[in-house]
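S.K.: Okay, here's the structure, questions in a sec.
The numbers here are math on the coordinates, done by the rules we state, and not lab data. Computed from a prediction, not measured in an experiment: that's the story for all the values here. Cβ placement follows ideal geometry from the backbone for every residue including glycine, while neighbour counts extend to all protein chains displayed.
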């Protein structure tokens, strides 16, 4: 599994590309570095551009050790701009997010099955580890191909 770093902002975000897996890995370290929304918004814009430059079907978001939380402005941008344009303009079909164990203990994770059944443009799933994320991305890709 050969990985190429596409974007790195030390202490905040690293984006890698694995062509063989049709996968981008977005590893977040800090969602709100010193309240610097312009930097986070710039990185989200760059992520979108990288999805156009390096088309993939799958994204693995590793936020297992992230600090902070996105500001309301950034959260609104992600919901109203980032996700819709990724769904409309890219080949991304599946997004697995690695969450902390604390977060995972609070929620159920079978929502993705319903998303897959109704052929959602983006199917998302939160997991506890990168290994689990990779396993899920392989499984959901196989299941989607069987349904097509």
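S.K.: What ranking do 89, 37 get, fewest neighbouring Cβ atoms within 10 angstrom at the top?
M.R.: 89, 37
S.K.: Separation between the residue 79 and residue 129 pseudo-spin-labels, each 7 Å from Cα along Cα→Cβ, expressed in nm?
M.R.: For residue 79 paired with residue 129, the spin-label model returns 3.3 nm.
S.K.: Report the normalised scattering of the chain as log10 I(q)/I(0) at q = 0.13, 0.16, 0.20 Å⁻¹, calculated by the Debye formula with identical scatterers on the alpha carbons.
M.R.: -0.57, -0.89, -1.45
S.K.: How high is the relative contact order of region 4-147? Use alpha-carbon pairs under 8 Å, at least six apart in sequence, and give a whole percent.
M.R.: That works out to 20 percent.
S.K.: Give me the extension gain from residue 20 to residue 91: residue separation times 0.36 nm, minus the current Cα-Cα distance, reported in nm with one decimal.
M.R.: Extra length available between residue 20 and residue 91 comes to 24.1 nm.
S.K.: Taking a ≥ b ≥ c as the square roots of the eigenvalues of the Cα gyration tensor of region 20-67, is the shape rounded (a/c under 1.5), prolate (a/b larger than b/c) or oblate?
M.R.: Verdict is oblate for region 20-67.
S.K.: Could you tell me how many degrees, from 0 to 90 and to the nearest 10, lie between the Cα long axis of helix 37-53 and the main elongation axis, the longest principal axis, of the Cα atoms of the chain?
M.R.: Taking the Cα atoms of the chain, the angle to 37-53 is about 40 degrees.
S.K.: Right, here's the next one. Using only Cα atoms and rounding to the nearest 10 degrees, what angle (0 to 90) does helix 130-147 make with the longest principal axis of the chain?
M.R.: Once rounded, the angle reads 40 degrees.
S.K.: Continuing with this model, one more query. Taking the highest mean first, how do the peptides 73-82, 126-135, 44-53 order by number of other beta carbon atoms within 10 angstrom per residue?
M.R.: Peptide ranking by packing, descending: 126-135, 44-53, 73-82.
S.K.: Report the label-to-label distance for residue 69 and residue 3 in nanometres (one decimal), using points 7 Å from each Cα along the Cα→Cβ vector.
M.R.: With each label placed 7 Å out from Cα toward Cβ, I get 2.8 nm.
S.K.: Here's a follow-up. Taking the beta-carbon count within 10 Å as an exposure proxy, list 94, 83 from fewest neighbours to most.
M.R.: The fewest-first ordering by Cβ neighbours comes to 83, 94.
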